[in-house]
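What follows is calculated from the coordinates using simple rules that are stated; it is not laboratory data. Values in this document were obtained by computation on a predicted structure and should not be read as measured data. In this analysis, Cβ positions are derived from the backbone assuming ideal geometry, glycine residues included, and neighbour counts consider all displayed protein chains.
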Amino acid sequence: MSSSALAAPSQRQRTTLVWVVALGAAALTFDGYDLVVYGTVVSGLLRDPSQIGQLDPATAGALGSYALIGVMVGALASGAIGDFVGRRKVMLLALAWFSVGMAATALTTSVTLFGAFRFFTGIGVGALVATAGAIVAEFAPKNRRNLCNAIVYSGVPAGGVLASLLALGFGNGLDWRPLFWIGAVPLVTILPLALAKLPESPMWLLSRGRREEAEELSRRTGVVLPETSRPPAAAAGAPRERAGFAGLATRRFALPTALLGLMSFAGLLLTYGLNTWLPEIMGQYGFGKAYSLTFLLVLNAAAIVGGLVAAATVDRTGPKRIIAGTFALAALALVLLTFHMPFAVLLTAVGVAGVGTIGTQVLVYGFVSNFYTTQTRAAGVAWCAGFGRLGGILGPLAGGLLLSAGVTGQAAFWIFAVVALLGAVVTALVPRPAAHEEALGAAPAHDGEAEPALQ
């Protein structure tokens, strides 16, 4: 590796990285807020038909899934264009889109409109999730990529904590409209800052053959571009590396992409299933609304701490064993929740479950963001965020159907535990990628397929 690739970041690069990470984390805080806020209000909507109409648990579960269908659409759409139009444009559009959707949801008075605007909002959320990991991976130093990604994606459980605390302040979630108005705050806070401080990725510009622009942006941001000791691939007669989803379909990436998608599927099924239905399930155990929201708060707060600690370890040891271990930890904690235990022990088990579910998904995003090359990174993250949302859709929907059918919360925890174990198995099957040194400006392999990034 070149000395420039290993050199300590300059002050300019550190400043740029701080802005990129801070803006990404702030944006994803509202992704997490959107994820949890529905879970904090669903009990009130179930019990008060005057809000948006008559709801049963199955319909409520479906409403929870509409936003996730939108997330899947937004993630896949951003992946289709993000490797072609750039990271910055997608990020800015997603912030505006999401904010407008949250404001519109706050104004709804019917189940139909509520579901429609939840879907609309989800499109913006999906684009945010898919783009944040790609842009952070291209600004962070190689030996800090997992930690930087974890800080950004820890915004998701941080948003969950924010939603839980605000719900406690707004009639335990019964006064739900102000909670959705708060979700529109990025339009007048984060978006103006992003317009001023979020740069395009010089690595992306370089991957699109826009070297002069990349070099100019490199000078302004301090991001070190790879050295090129050979002519460009096209001039040397080698085929250009495929970009976007076409790059994921190559022989080298196809199997890992499928397995990474399944990891995300399991992680998001657990994340969305628990965030939507944990208050209701704990209510079946006899805990009141305030106590149930406390469980939700602990679930997300523990995920922040656990995800960051695990990410710091991942940068030294690699992601596979850590992620498989946290999935297994989630399975154990979910089984423990089926037993009647003292309140303090239950809170501890919920915290461990948060580390193993939401915290694990934070690690999965970091794994995926650093797995792919610049030409395929946005598509790879988008695929895992989009396909994974099928699990996110299934979590709230299955929970609602199970509770409508009279299945106890105890049985639901067992089902979630099995999903966590399957996630650990899938993680263990992800092949170890061959080394790919983008920092050396290596040319694509002769079959037109790139090597994955170092893990």
Checklist entry - In a solvent-free Debye calculation with one equal scatterer on each Cα, what is log10 I(q)/I(0) for the chain at q = 0.12 Å⁻¹, listed in the order of the q values? => result -0.93
Item to check | Relative contact order computed over segment 74-223 (Cα-Cα under 8 Å; 6+ residues apart), in percent | outcome: 32 percent
Checklist outcome for this item: The farthest towards the positive end of the charge dipole of the chain, of the residues Pro226, Trp181, Asn143, given +1 on Cβ of Lys and Arg and -1 on Cβ of Asp and Glu, is Pro226
Item to check | Assigned charges on the beta-carbon of Lys, Arg, Asp, Glu; segment 43-170 dipole about Cα centre (debye) | outcome: 460 debye
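Per residue of the chain, what 222 nm ellipticity follows from adding -39500 (n - 2.57) for every DSSP H run with n ≥ 4, rounded to the nearest 500?
Values: 20 runs with 338 residues, N = 455.
Rounded to the nearest 500, it is -25000 deg cm²/dmol.
Quick check: net charge around Gly399, other residues with Cβ under 14 Å of its Cβ, Lys/Arg +1 and Asp/Glu -1?
Values: positive: none; negative: Asp56, Glu280.
Residues near Gly399 contribute -2 overall.
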Checklist outcome for this item: Stretched fully, the stretch from Tyr291 through Thr348 gains (0.36 nm per residue minus C-alpha distance, one decimal, in nm) 19.1 nm
Next on the checklist: Given an 8 Å cut-off on Cα distances and at least 6 residues of separation, report the relative contact order of segment 1-116 as a percent.
Outcome noted: 29 percent
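Where the only charges are on Cβ atoms (+1 Lys, Arg; -1 Asp, Glu), what is the dipole of the chain about its Cα centre, to the nearest 20 debye? If you can, show how the numbers build up before the last one.
Working: 29 positive and 21 negative charges, 120 e Å.
Magnitude of the dipole: close to 580 debye.
Enumerate the helices in the chain for which the Kyte-Doolittle hydropathy averages 0.5 or more and the C-alpha atoms extend at least 24 Å along the helix's axis, using complete DSSP H runs.
Working: long enough: 11-47 (55 Å, 0.70); 57-85 (42 Å, 1.35); 87-106 (29 Å, 0.99); 111-137 (39 Å, 1.73); 251-284 (49 Å, 0.71); 289-317 (42 Å, 1.22); 319-336 (26 Å, 1.62); 374-404 (46 Å, 0.82); 409-429 (31 Å, 2.06).
Correct list, ordered by number: 11-47, 57-85, 87-106, 111-137, 251-284, 289-317, 319-336, 374-404, 409-429.
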Next on the checklist: Given the options Ser99, Leu45, Ala25, identify the residue whose Cα lies farthest towards the positive end of the charge dipole of segment 12-101 (+1 on Cβ of Lys, Arg; -1 on Cβ of Asp, Glu).
Outcome noted: Ala25
Next on the checklist: Under a Cβ-only charge scheme (Lys and Arg +1, Asp and Glu -1), can you give me the dipole magnitude of segment 175-225 about the Cα centre, in debye to the nearest 20?
Outcome noted: 20 debye
Checklist entry - Can you give the relative contact order of the chain as a percent, counting alpha carbon pairs under 8 Å and 6+ residues apart? => result 27 percent
Checklist entry - From the square roots a ≥ b ≥ c of the eigenvalues of the alpha-carbon gyration tensor of segment 255-322, which class results: rounded (a/c under 1.5), prolate (a/b over b/c), or oblate? => result oblate
Checklist entry - Taking the Cα-to-Cβ direction at Val18 and at Leu193 and moving 7 Å from each Cα, how far apart do the two end points lie in nm? => result 1.3 nm
